[in-house]
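Participant: Have a look at this one.
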Amino acid sequence: MLISKLPNVGTTIFTTMSQLAAQTGALNLSQGFPDFDGPDALREAVGRHVMAGHNQYAPMTGLPALRDQVAIKVASLYGRQVSADSEVTITPGATQAIFCAIHAVIRPGDEVIVFDPCYDSYEPAMELAGGLCIHQPLSLPDFTIDWQKLADAITPRTRMIVLNTPHNPSGALIDLADLDRLASLIRDKDIYLLSDEVYEHLVFDGHEHASVLRHEELYQRAFVVSSFGKTYHVTGWKTGYVVAPAALSTELRKVHQYVSFTGVTPLQWALAEFMAAHPEHLSELAGFYQAKRDLFCDLLAESRFSFTRAAGTYFQLADYSEIRPELDDVAMSQWLTREHGVATIPISVFYQTPPAESRLVRFCFAKREETLRQAAERLCAI
């Protein structure tokens with residue numbers, strides 16, 4: 001008899017809600033992907049590199065030219081000099097990077113602390129490694145870390161803490177003072193960090209992204225994960241990377257080479273070329289998405305939803321307490337999709353134990369202006 005290694009895992013809510021949106025013809029503001037394409041020059045470069053014969057295996061660690069561009073970016077944005085050869089690894093997506101980082105250091109019986117609500121890929125990767133996921137709820141309404149509760153949650157078996165900033169699903173940010181507090185908590189402990197920074201460039205209102213790459217002490221024990229898909233509007237390319245000290249990168253690569261070995265070669269060539277030719281894309285990204293956030297929120301202001309504008313990511317939480325408080329967020333998401341033609345994501349799916357009183361859903365505003373206007377019109381009519 002087959003015994004599942006992941007008995008509590010089914011089809012993700014993202015797949016479920018996207019399928020429901022397709023079945024009902026709803027506007028899909030649920031799953032986190034744009035409904036517009038990446039830059040023309042980037043997409044055109046893929047075809048050129050395919051036709052140029054760049055179609056065989058790239059090196060296991062990633063195309064050297066792309067690793068060089070990541071190292072240049074890290075130095076420019078975060079002031080850290082990293083070795084493209086020994087500290088940067090290109091992976092087929094950030095989710096695979098997260099999986100490999102966890103499996104590089106987590107052994108049976110190890111504990112890993114995550115902050116709820118959290119992305120759904122963390123815990124299955126830990127379970128497959130034999131680790132135990134310790135869920136630490138963020139403090140509401142601002143989704144901040146309760147430092148005393150975190151200190152109380154750390155035990156001799158704690159082997160990793162997972163950070164996510166900008167935070168999915170809330171859009172909340174941590175700052176450099178938070179990193180200092182974390183460093184003081186784990187300074188004398190054998191604890192690694194996994195810093196999920198896939199929305200690193202989507203930080204709004206003049207705030208600065210507090211990357212672990214900025215923090216000398218924490219970086220020495222960290223895997224920092226990011227996503228070309230999120231940054232360049234090409235989520236279907238499933239290409240990401242990890243920056244980690246050489247010793248940690250060595251262990252991560254041992255796992256990575258037997259999970260996928262390498263990423264898609266012509267995509268890596270295209271990304272390396274575009275990053276070198278268009279560094280301005282990174283500096284313009286926050287303004288691009290802040291304009292979309294502001295448009296959506298301005299339009300939603302006439303609705304019965306209440307919200308605080310997201311500080312980062314391309315997700316906006318909204319409270320529906322004044323509309324259908326008797327519905328839990330899963331039922332509300334289905335009702336919005338079926339009855340009002342706007343698909344969204346319930347926040348409870350990001351929790352081990354969701355707050356009973358929570359009435360929050362998540363909208364993705366990485367959409368064309370037309371899509372956002374149509375969605376807001378439907379939501380304001382409720």
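Participant: Condition test on T313, is it surrounded by fewer than 23 Cβ atoms within 10 Å (Cβ to Cβ), under 24 Å from G287 (Cα atoms) and under 23 Å from the mean Cα position of the chain (by Cα)? Break it down into steps so the answer makes sense when it comes.
Facilitator: Working: surrounded by fewer than 23 Cβ atoms within 10 Å (Cβ to Cβ): no; under 24 Å from G287 (Cα atoms): yes; under 23 Å from the mean Cα position of the chain (by Cα): yes.
So T313 fails the test.
Participant: Right, A58: more than 20 Å from the chain's Cα centre (by Cα), in a loop (DSSP other than H, G, I, E, B), free of Cβ contacts under 8 Å to residues at least 24 places away in the same chain and surrounded by 15 or more Cβ atoms within 10 Å (Cβ to Cβ) or not?
Facilitator: Values: more than 20 Å from the chain's Cα centre (by Cα): yes; in a loop (DSSP other than H, G, I, E, B): yes; free of Cβ contacts under 8 Å to residues at least 24 places away in the same chain: no; surrounded by 15 or more Cβ atoms within 10 Å (Cβ to Cβ): yes.
No: the conditions fail for A58.
Participant: What are the residues in the stretch 227-264 that are part of a helix (DSSP H, G or I) and either aliphatic (A, V, I, L, M) or under 14 Å from the mean Cα position of the chain (by Cα) (or both), if any? Steps first, answer last, please.
Facilitator: Within the stretch 227-264, the subset part of a helix (DSSP H, G or I) is 228-231, 235-237, 246-259.
Residues satisfying the conditions are F228, G229, K230, T231, T235, A246, A247, L248, L252, V255, V259.
Participant: For the stretch 183-212, name all the residues that are at positive phi and either in contact with a helix residue (DSSP H, G or I) (Cβ under 7 Å, 6 or more places away or on another chain) or touching a residue at least 60 places away in the same chain (Cβ under 8 Å) (or both).
Facilitator: Correct list: D205 only.
Participant: Out of K149, K230, which single residue is within 19 Å of Q316 (Cβ to Cβ) and either among the basic types (K, R) or not assigned by TED's automatic domain parsing to the domain that holds A45 (or both)? Reasoning before the result, please.
Facilitator: Values: K149 fails: within 19 Å of Q316 (Cβ to Cβ).
None of the other options fit; the residue is K230.
Participant: Ok, one more. What about Q31, is it in a helix (DSSP H, G or I) and more than 28 Å from A65 (Cβ to Cβ)? Working first, answer last.
Facilitator: Values: in a helix (DSSP H, G or I): no; more than 28 Å from A65 (Cβ to Cβ): yes.
Judged against the criteria, Q31 is not a match.
Participant: Within the stretch 278-304, restricting attention to residues that are of a type in the set (A, V, I, L, M) and under 19 Å from G229 (Cβ atoms), which residue is surrounded by the fewest Cβ atoms within 10 Å (Cβ to Cβ)? Steps first, answer last, please.
Facilitator: Of all residues in the stretch 278-304, those of a type in the set (A, V, I, L, M) come to 282, 285-286, 291, 295, 299-301.
Restricting the remaining residues to those that are under 19 Å from G229 (Cβ atoms) gives 282, 285-286.
Working: L282: 16, L285: 19, A286: 19.
Of everything passing the filter in the stretch 278-304, L282 is surrounded by the fewest Cβ atoms within 10 Å (Cβ to Cβ).
Participant: So, one more: For the stretch 124-162, give me each residue that is in contact (Cβ under 8 Å) with a residue 12 or more places away in the chain and in a strand (DSSP E or B). Spell out the reasoning first.
Facilitator: Residues of the stretch 124-162 that are in contact (Cβ under 8 Å) with a residue 12 or more places away in the chain, as a first pass: 124-138, 140-145, 147, 149-151, 153-155, 157-162.
The answer is L132, C133, I134, H135, Q136, P137, T144, T158, R159, M160, I161, V162.
Participant: Next question. Go through (1) touching a Gly at 6+ places or on another chain (Cβ under 8 Å); (2) within 21 Å of K230 (Cα to Cα); (3) modelled with pLDDT of 95 or more one by one and return the number of the condition G38 breaks.
Facilitator: (1)
The values are calculated or read from the model by the stated rules, or taken from the named source; none is laboratory data. Keep in mind it's a predicted model, so treat the numbers as computed, not measured. Glycine gets a Cβ as well: all are built from the backbone with ideal geometry, and neighbour counts include every protein chain shown.
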